[in-house]
Amino acid sequence: MGVKFVETALRDGHQSLFATRMTTDEVLLALKELDQVGYHAIEIWGGATFDACLRFLNEDPWERLRKAKKVCKHTKLQMLFRGQNILGYRHYADDVVEKFVKLSIKNGIDIIRVFDALNDIRNLECAVKATKKYGGECQIALSYTTSPVHTVEYYVDLAKQVEALGADSICIKDMAGVLLPETAYQLIKAIKANTKLPVELHSHCTGGMIEMTYLRAIQAGVDIIDTALSPLSGGTSQPCTESLNYALEGTEYDPKLNKEMLEKAAKKLAPVRQKYLNNGLLNPKVLCCNPNILKYQVPGGMLSNLISQLTQQGALDKLDDVLAEVPNVRKDLGYPPLVTPLSQMVGTQAVLNVLNKERYKMVPKEINDYLHGKYGKAPAPVNEEIRHKIIGDDKVITYRPADDLKPEFNELKAKYKGIAKSDEDVLSIALFQDIAIKFLEKRKADSIPTKIKLEA
């Protein structure tokens with residue numbers, strides 16, 4: 001059996017290249033052809049798509065999913081789910097997590113890829129249980145990074161834990177594109193030797209070596225790889241689907257994808273790429289190889305955000321200083337993987353440290369909460385001197401952070417019954433309150449119909 005492919009162009013591809021700005025019509029443009037390629041799954045939802053639909057596109061993300069499901073009749077649809085954060089930037093109560101999982105599956109999702117930025121198993125439990133309860137396929141993603149504690153042994157132990165938790169498969173989520181070829185070989189060999197679960201590899205081309213990493217992963221026995229159709233591949237996105245399909249053709253790893261359908265889909269999406277190049281949302285810089293990624297461990301999206309923050313402050317000349325400060329902040333905070341929301345938190349703190357010319361003179365609320373244990377357990381001990389400087393003698397929680405959260409859904413449902421016409425609408429408000437309310441009020445004013453009714 002050949003290696004299976006998951007197509008990421010319709011979610012992570014455009015999220016990584018131009019900030020998740022593809023409209024629903026653009027997402028659906030080549031979906032019929034992609035559905036006939038022979039993928040293991042198509043990643044089409046989750047991550048930042050939900051936020052972008054409401055915030056920038058004036059679109060209902062739930063409607064995007066329903067429309068996609070109507071078109072995609074042969075291939076499983078997959079989403080990215082941030083554990084207790086769902087698709088937002090804080091922990092949500094268990095009832096919201098369970099309801100979101102339930103309705104994601106009901107509206108068309110087949111595979112839910114669940115991860116936690118800290119790899120804290122406790123933050124995965126609710127989403128995993130809900131996915132299994134409502135008949136979805138649950139993949140748990142291990143957030144990959146490097147540090148003194150993030151060894152092959154660390155990830156093997158983590159893989160054993162997620163298998164025991166009930167995962168159907170494991171994904172190595174290399175969000176910064178820093179997984180070295182030989183490390184990939186050793187890691188996948190070790191996970192395959194210690195678990196019975198299929199293993200998937202997700203990475204980015206930012207550092208310029210990921211095709212080599214994918215090849216060694218395939219030689220090690222990886223079951224599935226994440227790729228992106230050519231118009232939305234490369235740079236900060238995933239490796240090219242068509243190229244890897246050609247590279248493996250005729251080998252024991254041959255995925256046997258339908259090249260005719262791939263070509264047709266690529267032709268349809270090529271103008272989309274050109275559109276975003278023309279309007280400036282796709283910056284040519286993100287298409288370039290950046291080997292400094294391998295040094296600083298900074299994902300492409302995080303790098304873009306740092307550049308934006310410094311530009312706004314008139315301090316772009318300080319970029320190298322900020323990049324050098326990022327590893328120091330990571331160390332102080334116990335080496336958190338740089339993935340949402342930790343990437344934004346660490347990056348902002350590094351910017352503040354450099355611009356204020358004093359480390360931790362200013363600290364965002366999110367860093368304060370992190371040091372109180374409200375995001376979960378750090379992979380390694382934090383710098384206690386820094387913790388004391390920021391939170392003093394405050395108590396640090398050691399239990400599952402969500403245990404402090406009271407049920408939220410029914411209260412929100414009652415409060416916003418005037419504009420929330422479905423449970424899906426209530427969940428949109430739960431995750432992105434002000435933005436969702438603005439969208440729903442406009443929809444009401446425009447008399448845009450909704451087909452989904454509130455559950456009893």
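Computed from the coordinates by the stated procedures, all read-outs in this text should not be read as laboratory data. Bear in mind that the values here come from a model prediction, so they are computed numbers and not experimental data. Using ideal geometry, Cβ is built from the backbone for each residue, glycine included, and neighbour counts are taken over all protein chains shown.
Observations on the structure shown:
- Built amide H within the under 5 Å cut-off of residue 141, gap 5+: 114, 115, 171
- For segment 390-433, chymotrypsin sites (Phe, Trp or Tyr not before Pro) meeting the loop criterion (DSSP other than H, G, I, E, B) and having at most 11 other Cβ atoms within 10 Å: 399.
- Cα principal axis extents for the chain, largest first, Å: 62, 56, 48
- Cα centroid separation, segment 83-117 to segment 357-436 (Å): 16 Å
- Restricting the calculation to Cα atoms, every distinct pair contributes to the Kirkwood radius of segment 298-402, found to be 14.0 Å.
- Label-point separation, residue 193 to residue 246 (7 Å along Cα→Cβ), nm: 3.6 nm
- Each helix, a run of at least 4 DSSP H residues, gives -39500 (n - 2.57); summed and divided by the residues of the chain, these come to -13500 deg cm²/dmol at 222 nm.
- Loop-resident GluC sites (Glu not before Pro) (DSSP state other than H, G, I, E or B) in segment 227-309 with no more than 11 further Cβ atoms inside 10 Å of their Cβ: 252.
- Fewest-first sequence of 35, 25, 116, 317 by Cβ atoms within 10 Å of each Cβ: 317, 25, 35, 116
- For segment 33-45, Karplus couplings with θ = phi - 60° (6.51, -1.76, 1.60), whole Hz, Gly/Pro x: 5, 4, 5, 9, 6, x, 5, 5, 6, 10, 7, 10, 8
- The Cα center of segment 1-64 and the Cα center of segment 227-266 differ in position by 16 Å.
- In percent, rounded to a whole number, the relative contact order of the chain is 17, using alpha-carbon pairs under 8 Å and six or more apart.
- Sparsely packed trypsin sites (Lys or Arg not before Pro) within segment 69-121, loop by DSSP, other Cβ within 10 Å at most 16: 73, 90
- Length gained on full extension, residue 267 to residue 389, computed as 0.36 nm times the residue gap minus the Cα-Cα distance: 38.3 nm.
- Per-peptide packing, taken as the mean over residues of other Cβ atoms within 10 Å, places 439-445, 210-216, 131-137 in the sequence 210-216, 131-137, 439-445 from highest down.
- In order along segment 195-210, the phi-based Karplus estimate (6.51 cos²θ - 1.76 cosθ + 1.60, θ = phi - 60°) of 3J(HN,Hα) comes to 9, 9, 8, x, 10, 10, 10, 10, 8, 10, 8, 3, x, x, 10, 5 Hz; Gly and Pro are listed as x.
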